[in-house]
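Here is the structure we will look at, set down as structure tokens.
The values are calculated or read from the model by the stated rules, or taken from the named source; none is laboratory data. No experiment lies behind these values; they were computed from the predicted model shown. Here Cβ is always computed from backbone atoms with ideal geometry, including for glycine, and neighbour counts include all displayed protein chains.
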Amino acid sequence: MTPDLRLCEGQGKPVTLPEMGRNWSNWVHVIWSTRGAWLPGDPRGFRDHDHRIHSTGDYKAPPPPGEHAGLYRAARELCPVEVQIPSHLRQTIADALGCKLLALEKPPRIIAVMRTHVHALVRAGPTNVRESIGRAKQAASHAVRDELPGRIWGQRCHLVRARDGAHYRKVVEYIAAHGEEGGALWIHPDLRKASGQASEEGTSGQASKGGDQASRG
């Protein structure tokens, strides 16, 4: 499904990708899960937000089996249901997230909404973007409340700042790849317009160049 640019109109904010310069650390890779999808004590590893509890592993290198089994059982009892986003609602959620972040002047470069988690690359500047992400999550919940009522998101989110241009581009490619795995993508309007214009002219090379320039600008 093609993202609807009209959803971003009337926000009262310019729909432009801010100047990047060399401040790659202004870009933040934000990851969060749906409610019940990744709980404290998860066998895949977990991060306690105040670092009060330490897990020896993560999803790439899981911790020893049963390391925090008791904690996980208790968390699952409090949250027995894992919220899963149906495929037909993922684009609506992606559009709502992207447009809300634009309105909050925290423009995303790209967003991917999956069954139980979301990836977004957001230009946060030097500030903490958690509050803006929370407001975007609220907007997305509101957009699908008729079909997916109640609380759909887990608490907080994980933030990773871009280290340099190579890291930034790697994150863009990683998030974009989720579109081939059942995810719904939201791409910044500047990049969509540049790509679409070049495609109409039959110059795919210009589309690539335009997207690359916009990603730096």
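Of all residues in region 151-162, none satisfies being crowded, with 18+ Cβ neighbours inside 10 Å and free of Cβ contacts under 8 Å to residues at least 40 places away in the same chain.
When residue 146 is tested against (1) surrounded by fewer than 15 Cβ atoms within 10 Å (Cβ to Cβ); (2) in the same structural domain as residue 114 (by TED's automatic domain parsing); (3) under 22 Å from residue 83 (Cα atoms), exactly one condition is not met: (2). With (1) out of contact with any His (no Cβ under 9 Å at 6 or more places or on another chain); (2) closer than 17 Å to residue 35 by Cβ as the list, and residue 88 as the residue in question, which single condition is left unmet? Checking residue 88 against (1) out of contact with any His (no Cβ under 9 Å at 6 or more places or on another chain); (2) closer than 17 Å to residue 35 by Cβ, the one that fails is (2). Taking region 178-193 as the range and being in contact (Cβ under 8 Å) with a residue 60 or more places away in the chain and assigned to a helix (DSSP H, G or I) as the test, the residues that pass are 178, 179, 189, 190, 191, 192.
Residues in region 105-143 that are free of Cβ contacts under 8 Å to residues at least 60 places away in the same chain and surrounded by fewer than 21 Cβ atoms within 10 Å (Cβ to Cβ): 127, 128, 130, 131, 132, 134, 135, 138, 139, 141, 142, 143. Every listed requirement among (1) more than 15 Å from residue 32 (Cα to Cα); (2) charged (D, E, K, R); (3) surrounded by 15 or more Cβ atoms within 10 Å (Cβ to Cβ) is met by residue 170 save one, (3).
For residue 85, the stated conditions hold: it is modelled with pLDDT of 95 or more, part of a loop (DSSP other than H, G, I, E, B) and among the hydrophobic types (A, V, I, L, M, F, W, C).
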